[in-house]
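Participant: Questions regarding the structure given below will be posed in turn.
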Amino acid sequence: MDENRFNDVIRELPRSFNEPPPPPLDEMWTVIEEAHFDAPVSISKPRGFASRAPWLAAAAALVLGIGLGRYLPRGANPSELPAPSAIAANSTTPTPDTSAVAAAYRDQTNRYLGQAAALLISLPARDASGKTDATFATKATDLLVTTRLLIDSPAAAQDPKLHSLLEDLELVLVQIARLHTEKNKGDLDLIHQAVEQGDVLSRLNSAVATTQSSE
Amino acid sequence: MTIPVSNFIANGRDLDQRQPNHRVNETQLIARVIAGDRLAGRTLYDTHAPRVYSLAYRLSGDAEKAREFTQDTFIRAFSRLSQFRGDAAFSTWLHRIVVTVVSNARRSELRMAREVELDEADGIEVSATEAEPDLKECISRAVDNLSDAYRMTLIMHDIEGYTHAEIAGILGVPEGTCKSRLSAARAQLRQELAAFKE
């Protein structure tokens, strides 16, 4: 094949290689609409867990508050605290030790990853009774809260691999959390497919190994 | 009279070149989707789905898979819309998702195919009377033999008409890398097709 003929082949590629049929827009939208807008666990507002589990949000806020309190200068009266502009200007202000925060984050991540792996491994291939579905859905809903807290944490933002794994886990957990509703029964196959396609389990194992080795 | 939102949205292909007010309207549309507005969701979908589907089909060569990839892309995108910061164009962000979805599925398929090949390696006889493939078949085979990075770049540039800047943004590589990948992909294609006699 000479140069000219090859150039013709390249020019013809849009018509000769996998030319797409018209997209089935309505058909695809039905699935998307049902998965997103009809989902009982809202996936349109991943961070809106506070409305569904206010006690958990309060607990998270409390833990965060205690954590922050431990790293604030001791004995400081709020009225005595310098203005933000003064803090910015003072280059000698000591920076708080963040190693304990990092260690706490690592522990939490490690525990969470273990729980997520256990849930995915124990997920049955099929469930005729529906009872197991409800149990898994509850566990998944609990894990979703932690997932979203971890996704939003600055440490996850610094680790793109973990961040991407958490996002994929979020999607899988949302699907599991929806299992308890009547119309989503039988979605187990889809969940297993999603776990397999995203290579979620092996990524989870590798993430667990990484966090454990960094301890 | 209310003007439909879709009137403000340019075709997905031209998103990066749109006027600033169009961008603003897309930002408003995204905010409405985050708030749970189905109509806004459908408008955003109608704007981008044809191009997403087209790319998914080119990359997979299968209508059923392209459908699943497109659905998965939009479900993922809508669920993560609140994380879209607007640093890149929405179309770039969306195409990053479809490329990831297709790549993950392809990797999984290749891994399974390799396992099947190993299991069935014994006892397979190669037919000596296999018909000579035509050019279209040879091209398909040659494109499929390219590495993922080369294949993706060639399909996006030479077949789907994305610019190097767009591909670079979607794949997260410098434009120069994109250009060199395309050149290497074409060279490999030329080599594979060299033996073809018409």
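The values are calculated or read from the model by the stated rules, or taken from the named source; none is laboratory data. In this text, all values refer to a predicted model and were calculated from it rather than measured experimentally. Note: ideal-geometry Cβ built from the backbone for every residue, glycine included; neighbour counts use all protein chains shown.
Participant: For segment B:72-88: of the residues being surrounded by 18 or more Cβ atoms within 10 Å (Cβ to Cβ) and hydrophobic (A, V, I, L, M, F, W, C), which is modelled with the lowest pLDDT?
Facilitator: This residue is B:Leu81.
Participant: Also, quick follow-up: Counting only residues that are touching a residue at least 12 places away in the same chain (Cβ under 8 Å) and away from every other protein chain (no Cβ under 12 Å), how many does segment B:146-159 have?
Facilitator: 5
Participant: Separate question: Quick one: in segment B:62-71, which of the residues that are more than 11 Å from the chain's Cα centre (by Cα) and facing another protein chain (nearest Cβ under 8 Å) is surrounded by the fewest Cβ atoms within 10 Å (Cβ to Cβ)?
Facilitator: Among them, the one singled out is B:Ala63.
Participant: Against the condition more than 15 Å from A:Pro24 (Cα to Cα), in contact (Cβ under 8 Å) with a residue 24 or more places away in the chain and more than 9 Å from chain A (Cβ to nearest Cβ), how does B:Leu39 come out, does it pass?
Facilitator: When the stated conditions are applied, B:Leu39 passes them.
Participant: Given A:Ala156, A:Ala128, which one is under 29 Å from B:Phe84 (Cα atoms) and modelled with pLDDT of 50 or more?
Facilitator: A:Ala156
Participant: Which pairs do you get when a residue that is among the acidic types (Asp, Glu), found in segment A:169-193, comes within reach of a residue that is modelled with pLDDT of 65 or more, reach meaning Cβ atoms under 6 angstrom, with the pair 6+ apart or on two chains?
Facilitator: A:Glu170/A:Thr147
Participant: In addition: For B:Arg80, state whether it is out of contact with any Lys or Arg (no Cβ under 6 Å at 6 or more places or on another chain) and within 8 Å of chain A (Cβ to nearest Cβ).
Facilitator: Spelling it out, B:Arg80 is indeed out of contact with any Lys or Arg (no Cβ under 6 Å at 6 or more places or on another chain) and within 8 Å of chain A (Cβ to nearest Cβ).
Participant: Continuing with the same structure: Just to check your reading of the model, which residue among A:Leu171, A:Leu144 is away from chain B (no Cβ under 11 Å) and of a type outside the set (D, E, K, R)?
Facilitator: Answer to the check: A:Leu144.
Participant: Which ones in segment B:94-140 are under 29 Å from A:Asp199 (Cβ atoms), basic (Lys, Arg) and at pLDDT below 90?
Facilitator: B:Arg106, B:Arg107, B:Arg111, B:Arg114
Participant: Give the residues of segment B:47-61 that are more than 7 Å from chain A (Cβ to nearest Cβ) and not basic (Lys, Arg), sorted by residue number.
Facilitator: Correct list: B:Thr47, B:His48, B:Val52, B:Leu55, B:Ala56, B:Leu59, B:Ser60.
Participant: Among the residues of segment B:160-186, how many are more than 10 Å from chain A (Cβ to nearest Cβ) and closer than 19 Å to A:Asn4 by Cβ?
Facilitator: Residues that pass the stated criteria total 1.
Quick grid of which residues meet (1) modelled with pLDDT under 70; (2) surrounded by 13 or more Cβ atoms within 10 Å (Cβ to Cβ); (3) within 18 Å of B:Thr100 (Cβ to Cβ):
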{"residue": "A:Asn110", "(1), (2), (3)": "no, yes, no"}
{"residue": "A:Ala116", "(1), (2), (3)": "no, yes, no"}
{"residue": "A:Lys185", "(1), (2), (3)": "yes, yes, no"}
{"residue": "A:Val200", "(1), (2), (3)": "no, yes, yes"}
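Participant: Only residues that are over 30 Å from B:Ala195 (Cα atoms), in contact with a Ser or Thr (Cβ under 8 Å, 6 or more places away or on another chain), in a loop (DSSP other than H, G, I, E, B) and at pLDDT 85 or above: list them for segment A:1-45, please.
Facilitator: Within segment A:1-45, A:Pro23, A:Phe37 meet the criteria.
Participant: Then there is this: Which one of these is surrounded by 20 or more Cβ atoms within 10 Å (Cβ to Cβ) and farther than 21 Å from B:Arg106 by Cα: B:Glu175, B:Glu166?
Facilitator: B:Glu166
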